[in-house]
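Engineer: Sending over a structure as structure tokens; questions will come in a sec.
The values are calculated or read from the model by the stated rules, or taken from the named source; none is laboratory data. The structure presented is a predicted model; accordingly, all values stated were derived computationally and were not measured. Every residue, glycine as well, gets a Cβ built from its backbone with ideal geometry; the counts of neighbours run over all protein chains shown. Just so you know, the surface numbers come from the protein's heavy atoms only, side chains and all, with ligands and any DNA or RNA stripped out. Shrake-Rupley method; radii C 1.70, N 1.55, O 1.52, S 1.80 Å.
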Amino acid sequence: MFSFLRISFFTLLFLLTGCAGVDIEEYAGSKPRLDIAEYFTGTTSAWGMVQDYSGEVQRRFTVEIEGTYEDNTLTLDESFVFSDGETDRRVWTFKRIDDHRWVGTASDVEGQVEARQYGHAFHMRYPLEIAIDGRMITFTMDDWMYLQPDGRLINKTAMRKFGFTLGEITLVFEKAND
């Protein structure tokens, strides 16, 4: 009986800690301050990779982003080139709600995405349908960006299904010299 209770306790503890996460407001006073409209207006380049649940790199890619900001609306036109030659395009539109909150949409993202920025960090969580082995699978993307002192922006995204992280995307953004 004791063994069963012990296993149940640790299982519950594991499940609860798996749900815990960082509150973006904890970064409120951190520097340098990130404002996605300021950062992404103009041309930005990025280099990234997709890793599976074991950490094995599945894909590498580059992204060129053209950003415009008008009337509290940020538009990001993203052009992807994967190492196997495949290309893709995504256009994000973010509407500024206040200093910390945005609402975003993209053609391949269902519904509106609520995003927040505090200090050097930006966070959003959204569903994204991805083709894998000829099947479309919807993942919950838990997307975090962190502005570094040298001006580069690091993006870490966990790809989750049923609460389990099945993949991760890492990107490094760099502003073009406009």
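Engineer: Phe94 passes all but one of (1) open to solvent by 50 Å² or more (accessible area, probe 1.4 Å); (2) over 16 Å from Leu171 (Cβ atoms); which number fails?
Structural biologist: So the condition that Phe94 fails would be (1).
Engineer: With respect to Glu86, is the statement that it is more than 17 Å from the chain's Cα centre (by Cα) and among the charged types (D, E, K, R) true?
Structural biologist: Details: more than 17 Å from the chain's Cα centre (by Cα): yes; among the charged types (D, E, K, R): yes.
Spelling it out, Glu86 is indeed more than 17 Å from the chain's Cα centre (by Cα) and among the charged types (D, E, K, R).
Engineer: If a residue has to be touching an Asp or Glu at 6+ places or on another chain (Cβ under 9 Å) and on the phi > 0 side of the Ramachandran plot to count, how many in segment 107-160 make the cut?
Structural biologist: Adding up the residues that qualify gives 2.
Engineer: Of everything in segment 96-115 that's touching a Leu at 6+ places or on another chain (Cβ under 8 Å) and part of a strand (DSSP E or B), which residue is farthest from Thr75 (Cα to Cα)?
Structural biologist: Once the filter is applied, the top-ranked residue is Val109.
Engineer: On to the next question. Name the pairs: first residue in segment 24-36 and of a type in the set (Lys, Arg), second residue assigned to a loop (DSSP other than H, G, I, E, B) and loosely packed, with under 11 Cβ neighbours inside 10 Å, Cβ to Cβ under 9 Å, at least 6 apart or on different chains?
Structural biologist: Lys31/Pro149
Engineer: Hey, another quick one. Mind listing just one residue for me: the one in segment 103-120 that is of a type outside the set (S, T, N, Q) and within 16 Å of Ala28 (Cα to Cα) and, of those, surrounded by the most Cβ atoms within 10 Å (Cβ to Cβ)? Talk me through it step by step, then tell me what you get.
Structural biologist: Going through segment 103-120, the residues of a type outside the set (S, T, N, Q) turn out to be 103-104, 106, 108-111, 113-116, 118-120.
Add one more test, that the residue is within 16 Å of Ala28 (Cα to Cα), and what stays is 115-116, 118-120.
On the way: Ala115: 22, Arg116: 17, Tyr118: 19, Gly119: 19, His120: 19.
Checking each candidate, the answer is Ala115.
Engineer: Okay, next question. Of all residues in segment 153-176, which are of a type in the set (Gly, Ala, Ser) and open to solvent by less than 20 Å² (accessible area, probe 1.4 Å)? Write out each step before concluding.
Structural biologist: Our first condition is that a residue be of a type in the set (Gly, Ala, Ser); within segment 153-176, this holds for 158, 163, 167, 176.
Once the filter is applied, which keeps residues that are of a type in the set (Gly, Ala, Ser) and open to solvent by less than 20 Å² (accessible area, probe 1.4 Å), segment 153-176 yields Ala158, Gly167.
Engineer: With the checklist (1) under 25 Å from Lys161 (Cα atoms); (2) in contact with a Ser or Thr (Cβ under 9 Å, 6 or more places away or on another chain) in hand, flag the one item Ser79 doesn't pass.
Structural biologist: Going through (1) under 25 Å from Lys161 (Cα atoms); (2) in contact with a Ser or Thr (Cβ under 9 Å, 6 or more places away or on another chain) one by one, Ser79 breaks only (1).
Engineer: Oh, and also: Looking at segment 66-79, I want the residues that are closer than 16 Å to Phe173 by Cβ and in contact (Cβ under 8 Å) with a residue 60 or more places away in the chain and have a partner that is open to solvent by 50 Å² or more (accessible area, probe 1.4 Å) and not β-branched (Val, Ile, Thr) with Cβ atoms under 6 Å, at least 6 apart or on another chain. Which pairs are those?
Structural biologist: none
Engineer: Looking at segment 121-144, is at least one residue open to solvent by 50 Å² or more (accessible area, probe 1.4 Å), outside any loop (DSSP other than H, G, I, E, B) and farther than 19 Å from Thr157 by Cβ?
Structural biologist: For segment 121-144, residues open to solvent by 50 Å² or more (accessible area, probe 1.4 Å), outside any loop (DSSP other than H, G, I, E, B) and farther than 19 Å from Thr157 by Cβ: present.
Engineer: Filter segment 141-168 for residues that are among the β-branched types (Val, Ile, Thr) and touching a residue at least 60 places away in the same chain (Cβ under 8 Å) and give the result. Explain how you work it out, then say what you get.
Structural biologist: Kept after step one, since they are among the β-branched types (Val, Ile, Thr), are these residues of segment 141-168: 154, 157, 165.
Within segment 141-168, just Thr165 meets the criteria.
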